[in-house]
Amino acid sequence: MRMNTPFSATDRVFIVDDDLSMREALTSLLRSTGLRVQAFASAAEFLAHLAQPAPATPDGPACLVLDVRMPGMSGLELQRELSERGARLPIVFITGHGDIPMTVRAMRAGAVEFLPKPFRDQELLEAIGLSLAQARTAQQEENALRGVRARFDTLTPREREVLALMVQGLRNKLTADRLGISEVTVKVHRHNVMEKMQAKSLPELVGMCERLGMRAGA
């Protein structure tokens, strides 16, 4: 029977645990909620999976349920490796041998939750729900940034120069003097910039540029 959860059909959960019985139990539980689940017996196996080519169509939000103590690379070591690779994957740690220093290390490194075994199913589902919500927000932000970059790429070199001065707060006359063009031409470029960037106001445009790493007032 399908459990009543907020999960969507695109949500994914990766499980990394060297205990076969635990992997099977977690996989069964999570699939009963409608989640897509992939389980791995080691950190190395999971990293090999991540190294495979990405699908042509982007997948939905995902999180990782990770055992702390495993042969070879531990869960904490895998967390550090993922961070170094820039993999933004929320992690729910599970362990039968947790201690306070270990928990602190995991949480400081960005873990969403640290659950000592045995834990209640609902505790795990709630932690996964929070992790997927974080992943969904991060994915939305990444998609939005990708859109801003795509619109920025449509600007001509001169429009980018005008944009940079707009972000710095220069008015038309100063922009014209700086670039050696007429104020009328500056106005045309400013109009084109606003239209191509799909910005409804200058503050909105400045916000877009800040997301691209262009500093206002520089």
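The values are calculated or read from the model by the stated rules, or taken from the named source; none is laboratory data. These numbers come from a predicted model, not from an experiment. All Cβ positions, glycine included, derive from the backbone under ideal geometry; neighbour counts span all protein chains shown. To get the accessible areas, we keep the full protein, side chains included, count just its heavy atoms, and leave off ligands, DNA and RNA. Shrake-Rupley method; radii C 1.70, N 1.55, O 1.52, S 1.80 Å.
Descriptive notes on the structure:
- With all protein chains modelled, accessible area of F119 [1.4 Å, Å²]: 40
- Dipole-positive endmost among Q168, Q79, F93 within the chain (Cβ charges, Cα centre): Q168
- Solvent-accessible heavy-atom area per residue, rounded to whole Å², over the chain at 1.4 Å: 57
- The charge dipole of the stretch 151-192, taken about the Cα centre with unit charges on the Cβ atoms of Lys, Arg (+1) and Asp, Glu (-1), comes to about 100 debye, rounded to the nearest 20.
- Mean ellipticity per residue at 222 nm, deg cm²/dmol - from DSSP H runs of n ≥ 4 across the chain, formula -39500 (n - 2.57): -16500 deg cm²/dmol
- Taken about its Cα centre, the chain carries a charge dipole of roughly 1040 debye when the Cβ of each Lys and Arg holds +1 and the Cβ of each Asp and Glu holds -1.
- For the stretch 155-212, the Kirkwood estimate of the hydrodynamic radius, built from every pair of different alpha carbons, is 11.2 Å.
- The apolar share of the surface of the chain, taken as the fraction of accessible area on carbon and sulfur atoms (1.4 Å probe, ligands and nucleic acids excluded), comes to 53 percent.
- Over the chain: Kirkwood hydrodynamic radius from C-alpha pairwise inverse distances, Å: 20.4
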